[in-house]
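First comes the structure, then the notes that go with it.
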2 protein chains.
Amino acid sequence: MAASTNSFLIGNQTQIPSLKPKSISQSFIHFTKPNTINLTTRTTSISIRCASTTVGSEQRVFNFAAGPAALPENVLLKAQSDLYNWRGSGMSVMEMSHRGKEFLSIIQKAESDLRQLLEIPSEYSVLFLQGGATTQFAALPLNLCKSDDSVDYIVTGSWGDKAFKEAKKYCNPKVIWSGKSEKYTKVPSFDGLEQTSHAKYLHICANETIHGVEFKDYPVVKNPDGILIADMSSNFCSKPVDVSKFGVIYAGAQKNVGPSGVTIVIIRKDLIGNARDITPVMLDYKIHDENSSLYNTPPCFGIYMCGLVFDDLLEQGGLKEVEKKNQRKAMLLYNAIDESRGFFRCPVEKSVRSLMNVPFTLEKSELEAEFIKEAAKEKMVQLKGHRSVGGMRASIYNAMPLAGVEKLVAFMKDFQARHA
Amino acid sequence: MAASTNSFLIGNQTQIPSLKPKSISQSFIHFTKPNTINLTTRTTSISIRCASTTVGSEQRVFNFAAGPAALPENVLLKAQSDLYNWRGSGMSVMEMSHRGKEFLSIIQKAESDLRQLLEIPSEYSVLFLQGGATTQFAALPLNLCKSDDSVDYIVTGSWGDKAFKEAKKYCNPKVIWSGKSEKYTKVPSFDGLEQTSHAKYLHICANETIHGVEFKDYPVVKNPDGILIADMSSNFCSKPVDVSKFGVIYAGAQKNVGPSGVTIVIIRKDLIGNARDITPVMLDYKIHDENSSLYNTPPCFGIYMCGLVFDDLLEQGGLKEVEKKNQRKAMLLYNAIDESRGFFRCPVEKSVRSLMNVPFTLEKSELEAEFIKEAAKEKMVQLKGHRSVGGMRASIYNAMPLAGVEKLVAFMKDFQARHA
């Protein structure tokens, strides 16, 4: 964030490299003296519209929300620049027909970039849908099962549990492992799993947003005709993933890759086309696949935002580089907790701690409200833990800069020094 | 649109009254000579971020798309101004937790303003959902019917037909009138309707986007326990509506009130709570009503945009004033068609012609492609008719300025003069 303090972003004189406005090529900006700008244009007919008058980075907060969550600063600035008139089209992305050439170029590039990021094999379809992961909780059994089919769920937190409960409406799901009795702090050993031999699929939540538990590897499905399905909402595109291990990967966008309102489904093509008669047309993968996600009007602006994020992730060097950054941030924060001699505590087993969501408590729980309040005063917001678990939670998705975690860690040490 | 040509929108010196940036109060802009700006601030610590470098109104197009469609220019500029840092919160609306006080204030104001606009009685709930009207085609019977319940559909165009077909999965729907044989150019006389005596509901599409057929009044449901349901996607908030006549009104936002990705459902509260067991949780009105549309993460930015539009419609004087503007625009365009001595033709029966979507053809159909191409050169875009009906279609929703229709009419007359 600091990089863009005091930067001006008019025309093509931007100081943020990945912001490349194209709508004006004839405007120039000159600093003449502090706090004065002269802006000139070569032609007389152009009026510059500086609707954006937000204040520099010093007024941005470090936003630790679990989702919707922080977006990359340069992506926001690019979106702001394009909002009124996308690439000289005379329209906002929000105003474009979803069947026009402008939006088609946006959604096609978004898909192509996502395919490159995750190295998605060609036998998988990528769908841009609506309704969040919660809609997929129903869509999965409706598309993949008959009413008496068995399916398995590993439940490592609240979201896996919700997915299981929704499946009960449509098939015969079984929880083959639950971490509930240990307050969702673990992932099971895969060797000991008692999978149903004929289960159509095994479902996991790859990263539990509330509990901070993340799969570091993935179980192999026992049924040779079965598939592995993962809800990756909260660690999607945070690290490389071998897509070929999965039948379906799905994710709400609002953690790592965009605003809320977009759900991405990556599905092996041979699994498409078996939806049950009672499936609402909008939950039928075949409909969306045949229509390239344009059966009805998609969430165009959200897809556009995801596309900007994908582009940004590629510019960062792809998901291997992104993972390194996420590991560094997470290590910094977990080390601060573990080295606090019990002042801060993270309940999650070390080997499966999430790189994305870091829940922690205070030994003196009566100080937690004070901690959250003081942090907010220091412009570190949304640190309160989920209402179901309490304590604190720092969500440090891709877009959380290292500086945000460093500031939080410094604050934690200072807070401890004052209250130990 | 013309009003803001050559206007500068930095800080609080905006020339568009309804744009009220709040994030900077200390910046001033002075015109010193043409095409030069001096921007000064009172403090030295502020960096102004003019990410927006879009070009003035002369580069905007008149966008006649059927949806997603044109949005009010001042709403777009306000959204652009707020995008990077909403009201000094240090966050974009896209980054906010949907449970935080900032977003709660946004969604609550949006609902409150919509209630004021449509004078929605207190016994109705307002839900902000996802998935478009197409998702509601399934949600309606799933929430309101048992599998053997009878329901009636009046089909005045493609959307009503789609709604009927989806209902066949879940109950016993009957088309009691169809305009198909007359190419969807009419609305039936209500007197002659043969309604099913025990139908749980009567469904209409209040405005058929593709065919340009609009109900000017509404039928009374024969069954005293039945309700009237209307898909108002393409004329929502274009005129006053007596909500109390309906059990459910629903609308995709992307025509008159926002970007795609938001669906608004207005439902009488006593109808909520009867969803069938097979209803996906995300299609259950009770879940969304109990959670004030926050059961899972809603499409926050889209809801925010709808809120800006509602605010704008109230500032225009409410829906009575909006309807007057829409009537004037539509009359101008229909008159041009009817006075062309058959050069232009609108197939829709005059009494039910839509104020929103104006389909028309050329007597010399071989000139239609040329018409559309020439119009696009003149910055009037998206005039091609739906692929299922051909010809042209001018969608003139709330956000289409009178100037856009005037320009189209002038072009039509000129085109006729050159080709008659």
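The values are calculated or read from the model by the stated rules, or taken from the named source; none is laboratory data. Please read all numbers here as calculations on a predicted model, not as lab measurements. Backbone-built Cβ (ideal geometry, glycine too); neighbour counts: all protein chains shown.
What pairs come out if I take residues in the stretch A:250-263 that are over 10 Å from A:SER234 (Cα atoms) and at the interface with another protein chain (Cβ under 8 Å from one of its Cβ atoms) and pair them with residues that are of a type in the set (Ser, Thr, Tyr) and part of a loop (DSSP other than H, G, I, E, B) whose C-beta lies under 6 Å away, six or more apart or interchain?
From residues that are over 10 Å from A:SER234 (Cα atoms) and at the interface with another protein chain (Cβ under 8 Å from one of its Cβ atoms), the pairs are A:SER260/B:THR297.
Picking from A:ALA65, A:ALA79, which residue would you name as being over 25 Å from B:THR134 (Cα atoms) and not assigned by the TED database to the domain that holds A:GLU214?
One residue alone meets the criteria, A:ALA65.
Say we look at the stretch A:192-216 and pick out the residues that are in a loop (DSSP other than H, G, I, E, B) and in contact with a Leu (Cβ under 9 Å, 6 or more places away or on another chain); which of these is surrounded by the most Cβ atoms within 10 Å (Cβ to Cβ)?
A:LYS200
Out of A:GLU321, A:GLU315, report the one residue that is touching a residue at least 12 places away in the same chain (Cβ under 8 Å) and surrounded by fewer than 20 Cβ atoms within 10 Å (Cβ to Cβ).
Selected residue: A:GLU315, the only one of A:GLU321, A:GLU315 that is touching a residue at least 12 places away in the same chain (Cβ under 8 Å) and surrounded by fewer than 20 Cβ atoms within 10 Å (Cβ to Cβ).
Across the stretch B:140-164, which residue is nearest to the other protein chains (Cβ to nearest Cβ) among those that are assigned to a helix (DSSP H, G or I), crowded, with 21+ Cβ neighbours inside 10 Å and within 18 Å of the chain's Cα centre (by Cα)?
B:TRP159
In this structure, does A:ASP270 turn out to be surrounded by fewer than 22 Cβ atoms within 10 Å (Cβ to Cβ) and assigned to a helix (DSSP H, G or I)?
Yes, satisfied.
Could you look through the stretch A:165-179, keep only residues that are more than 25 Å from the chain's Cα centre (by Cα) and of a type in the set (Lys, Arg), and pick out the one that is surrounded by the fewest Cβ atoms within 10 Å (Cβ to Cβ)?
Once the filter is applied, the top-ranked residue is A:LYS168.
Could you check the stretch B:57-87 and list, in sequence order, the residues that are closer than 30 Å to A:ALA376 by Cα, surrounded by fewer than 23 Cβ atoms within 10 Å (Cβ to Cβ) and at the interface with chain A (Cβ under 7 Å from one of its Cβ atoms)?
Scanning the stretch B:57-87 gives no hits.
Inside the stretch A:165-191, can you point out the residues that are part of a loop (DSSP other than H, G, I, E, B) and either modelled with pLDDT under 95 or more than 14 Å from every other protein chain (Cβ to nearest Cβ) (or both)?
Once the filter is applied, which keeps residues that are part of a loop (DSSP other than H, G, I, E, B) and either modelled with pLDDT under 95 or more than 14 Å from every other protein chain (Cβ to nearest Cβ) (or both), the stretch A:165-191 yields A:GLY179, A:LYS183, A:TYR184, A:THR185, A:LYS186, A:VAL187, A:PRO188, A:SER189, A:PHE190, A:ASP191.
Looking at B:LEU367, B:LEU333, can you tell me which residue is within 22 Å of B:TYR184 (Cβ to Cβ) and either outside the structural domain of B:LYS101 (by the TED database) or small (Gly, Ala, Ser) (or both)?
B:LEU333
Among the residues of the stretch B:222-235, count how many are of a type outside the set (A, V, I, L, M), away from every other protein chain (no Cβ under 14 Å) and within 21 Å of B:GLY318 (Cα to Cα).
The qualifying residues number 1.
I'm trying to understand the selection: among the residues of the stretch A:141-152, which are of a type outside the set (D, E, K, R) and under 11 Å from A:LYS200 (Cα atoms)?
A:PRO141, A:LEU144, A:CYS145, A:SER150, A:VAL151
Identify, from the list A:GLU194, A:GLU214, the residue that is in contact (Cβ under 8 Å) with a residue 12 or more places away in the chain, more than 23 Å from B:MET282 (Cβ to Cβ), of a type in the set (D, E, K, R) and touching a helix residue (DSSP H, G or I) at 6+ places or on another chain (Cβ under 9 Å).
A:GLU214
Quick test of your reading of the structure: A:ARG393 fulfils all but one of (1) assigned to a strand (DSSP E or B); (2) farther than 27 Å from A:ASP217 by Cβ; (3) of a type in the set (D, E, K, R). Name the failing condition by number.
(2)
Scan A:ILE249, A:ILE229, A:ILE267 and give me the residue that is touching a Ser or Thr at 6+ places or on another chain (Cβ under 9 Å) and within 16 Å of A:PRO141 (Cα to Cα).
Exactly one residue qualifies, and that residue is A:ILE267.
Out of all the residues in the stretch B:46-62, is one or more at pLDDT 95 or above and either β-branched (Val, Ile, Thr) or touching a helix residue (DSSP H, G or I) at 6+ places or on another chain (Cβ under 8 Å) (or both)?
yes
Suppose we filter the stretch B:314-339 for residues that are in a helix (DSSP H, G or I) and within 24 Å of B:LEU408 (Cα to Cα); how many remain?
Result for the stretch B:314-339: 18.
Kindly indicate whether B:LYS379 is modelled with pLDDT of 95 or more, surrounded by fewer than 17 Cβ atoms within 10 Å (Cβ to Cβ) and on the phi > 0 side of the Ramachandran plot.
When the stated conditions are applied, B:LYS379 passes them.
Within the stretch B:236-253, is even one residue modelled with pLDDT of 95 or more, among the basic types (Lys, Arg) and more than 18 Å from B:ASN357 (Cβ to Cβ)?
So far as the stretch B:236-253 goes, yes, one or more of its residues are modelled with pLDDT of 95 or more, among the basic types (Lys, Arg) and more than 18 Å from B:ASN357 (Cβ to Cβ).
So in the stretch A:115-139, with the set limited to residues that are assigned to a helix (DSSP H, G or I) and in contact with a strand residue (DSSP E or B) (Cβ under 6 Å, 6 or more places away or on another chain), which one is nearest to A:GLU166 (Cα to Cα)?
Ranking the candidates gives A:GLN136 first.
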